[in-house]
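Visitor: So that we are looking at the same thing, I have put the structure below in structure tokens.
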Amino acid sequence: MDPNQYDLHMKTRLQRIKQRVKGKKSIAYSNGEWSGWVHQIENERLYRLMNAVLFLLLSSSIFLGSTSLIFLFFAILAYMWGNFYYLTFVSKKLEIHIIEEQLKLFTEDDGMLRLRITHNSLLPIFFGKLRVGTDKNILFQHGEELIHMNQLHFNFQQVGRSQWEVELPFTAIKRGVAQLRLFDMEIDSFFGWGKAYLQTKDKMQFEVIVYPRSEKVAGLEKISPKKQGEQPSRSSLFEEKSRVLGTRDYVPGDPFGSIHWKATARMNSLQSKVYERTTLLSWLFVIDISSSSFEEKMRGIAFLLHYATKHNISFSILVNIKKLGNPSYIVMNSGEGKQQLYAGMMLLARIKVENVMIPSMTFGQILHQQAVRHPYVIACTEQAVMEKWDLPASTEGFVLENVGCGVKLVRLRKGKKHRKAFMKHA
């Protein structure tokens, strides 16, 4: 990085830190707002030194009475001040807005960062360079990958009092949320000496939400419903009394309350109600951010979320990430439908493996409390870790395992803890 750019970058960061110390949040301004630039001119000290040299030159020309020295003085003065004026005022009325502030993509999808550059000054920009840096979840076309971010820089020219739009194509390469981490500009002097460095005062509001792409999970047939619930099932032993499908002939032993009196009067023989058979098919997804092959397993969970939505299965998500507030862990309440799918996919995209984890023993207690309401737990973790957690006796556990060419469900072995809990429950 250019030393002047680095100084400006640190100066801007220092301003934002001071704002936070004073209790002011760093503003992320939107399309209709513009907070301006932090502006710095290259070699400002050299300009002051040249002013001193010009003063000596003027003094010498007056003392010697030399017309050529006076002419040289005014020529250098005009050049210096023209150069300084250009670098100072060329960006005063330069504004940049992001047209689409939020994009939602799946991994390997292509997207576009669209900028609107408005230049209201009369001074033209002949040698401008714009640099954009984002999180490593996306990669710009013709961009470069650095250690902490991915960058793109390009040259541009713009006449005074004009507006134009630029499109920067990129590819979503990794699950997560990519935000703008760097947005600065440098403008070379029209007179050929010096540069103006610009950086936005506040953070520009832009994010790309990258969802994990679904990967089919093998072993779904191992999950068999076994409790009374809302899910229709022909093979279930449970009946939903509020859902009458029809009638049949009465047989000895049918409850008195199941007799359909209107059908009995119509058929002149006792008729019993036929109820819809239902079962409870609710899934609790448990995500351990320290799990191996984490991204592959997240693709498997994305597939299971879509599967659950398609088959009207309610689900909840529990993550071993510590957060402020109550509860002190991340949990998405149980629900079903497209809105629940959207919330679940958004949560998968926003999970960061760098977050602070909840200790395994504490998380095991949290899991036990949450799993009471769910007959099935599907965990993105290691089987050895899952077996240490104490699931309720009525809950069946599964873990996702990476098998090289995909992901499969593995039924959890019932350990001693589970057998003791079952005996106590019995």
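Quick note: the coordinates plus some simple rules give every number you see, no bench work behind them. Keep in mind that this is a model prediction, so the values were computed, not measured. Cβ atoms come from the backbone with ideal geometry, glycine included; neighbour counts cover every protein chain shown.
Visitor: What distance in nm separates the two pseudo spin-label positions at Trp164 and Leu49, each 7 Å out from Cα along the beta-carbon direction?
Guide: 3.7 nm
Visitor: Ranking His368, His142 by Cβ neighbours within 10 Å, fewest first, what do you get? Write down the numbers at each step before the final one.
Guide: Values: His368 15, His142 10.
Going from sparsest to densest Cβ surroundings: His142, His368.
Visitor: Using a Förster distance of 30 angstrom, determine the FRET efficiency expected from the C-beta separation of Met346 and Asn326, and round it to 0.05. Intermediate results must be reported in sequence, preceding the final value.
Guide: On the way: r = 21 Å, r/R0 = 0.71.
It comes to 0.90.
Visitor: At a Förster radius of 51 Å, what calculated FRET efficiency corresponds to the Cβ-Cβ distance of Glu108 and Tyr79, to the nearest 0.05? Show your work: numbers first, answer last.
Guide: Working: r = 53 Å, r/R0 = 1.05.
Efficiency, from the Cβ-Cβ distance: 0.45.
Visitor: Counting other beta carbons within 10 Å of each Cβ, put Trp164, Trp34 in order, fewest first. Walk me through the intermediate numbers first.
Guide: Working: Trp164 12, Trp34 17.
The most exposed by this proxy come first: Trp164, Trp34.
Visitor: A further question follows. State the answer as a single residue: which of Phe89, Gly65, Trp164 lies farthest towards the positive end of the charge dipole of the stretch 33-166, with beta carbon charges of +1 for Lys and Arg and -1 for Asp and Glu, about the Cα centre.
Guide: Gly65
Visitor: Here's something else I'd like to know. Could you sort out which of Lys136/Lys310; Lys297/Lys323; Lys136/Lys222; Lys92/Lys203 sit more than 27 Å apart by Cα distance in this structure? Don't jump to the answer; show the numbers that get you there.
Guide: On the way: Lys136/Lys310 32 Å; Lys297/Lys323 23 Å; Lys136/Lys222 38 Å; Lys92/Lys203 19 Å.
Among Lys136/Lys310; Lys297/Lys323; Lys136/Lys222; Lys92/Lys203, the Cα-Cα distance tops 27 Å for Lys136/Lys310; Lys136/Lys222.
Visitor: Okay, next question. Just to be sure I understand the model, the point goes 7 Å from the Cα along the line to the Cβ. What's the resulting Ile99 to Val353 distance in nm?
Guide: 3.6 nm
Visitor: Which order results if His306, His119, His311, His260 are arranged by neighbouring Cβ count within 10 Å, fewest first? Intermediate values should be presented prior to the final figure.
Guide: Values: His306 14, His119 22, His311 10, His260 19.
Arranged by neighbour count, lowest to highest, His306, His119, His311, His260 become His311, His306, His260, His119.
Visitor: Still on this structure, I have one more. Suppose R0 equals 35 Å. What FRET efficiency, 1/(1 + (r/R0)^6) with r the Cβ-Cβ distance, do Thr264 and Arg411 give to the nearest 0.05? Numbers along the way, then the final one.
Guide: Values: r = 47 Å, r/R0 = 1.34.
So the FRET efficiency works out to roughly 0.15.
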